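Read through the structure below, which is laid out as structure tokens, and then see the notes.
The values are calculated or read from the model by the stated rules, or taken from the named source; none is laboratory data. Predicted, not measured: the structure shown is a model, and the values here were computed from it. Note: ideal-geometry Cβ built from the backbone for every residue, glycine included; neighbour counts use all protein chains shown. These accessible areas exclude ligands, DNA and RNA; they are computed on the full protein's heavy atoms, side chains included. Shrake-Rupley method; radii C 1.70, N 1.55, O 1.52, S 1.80 Å.
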Amino acid sequence: MLDLLAAWFTKYWYLIVPIAVILLVSFGLVALGMRFASKVMDRQGEVIRRDMGADLAERVLRTGQPAVGMVLESHDTGRRAAYFYILVWLKFQVQPEGGLPYEAELVAPISPVKIADFAPGRSVKLRVDPVSHEIAIDQPMR
């Protein structure tokens, strides 16, 4: 076997450099492709978080005051988050504790299992930012 390999190298020695170049370029392209795919997946995660309103919801849930909202309208936006959750546009009649009622809208990712909890006429626990009147749902959506 070793003699056969040595014979091949002596006969085709001029092919070693092109084969090495092809292998190096291939490995380089694969590495670049993996890096690009990683960046695309990171961006996709950012877009999903933005569509789901995760940053705003986290802030309002952390600092907001409790409120109750009655669902006035709910519509499927036709978009999905994380391939599973339905992004639903909701219109609420918000009743903050010790405040005047007002209407507010929100797009929220809701599990298909919990979609009936957000039907018109249902009451939902909310958190409200008293200054900006931004709302976040304070009950399980998933």
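General remarks:
- Accessible area per residue, Å², the chain with all protein chains present, probe 1.4 Å: 70
- Ordering of 104-115, 11-22 by packing [mean C-beta count within 10 Å, highest first]: 104-115, 11-22
- Modelled FRET efficiency - R0 30 Å, SER111 with PHE36, Cβ distances, 0.05 increments: 0.40
- Listed by chain and number, the lysines whose C-alpha is less than 22 Å from the C-alpha of LYS125, apart from same-chain residues fewer than 8 away, are LYS91, LYS114.
- Angle between the chain longest axis and helix 2-11 axis [Cα atoms, degrees, rounded to 10]: 80
- Computed on the Cα atoms alone, the convex hull of the chain gives a volume of 167 cubic angstrom per residue.
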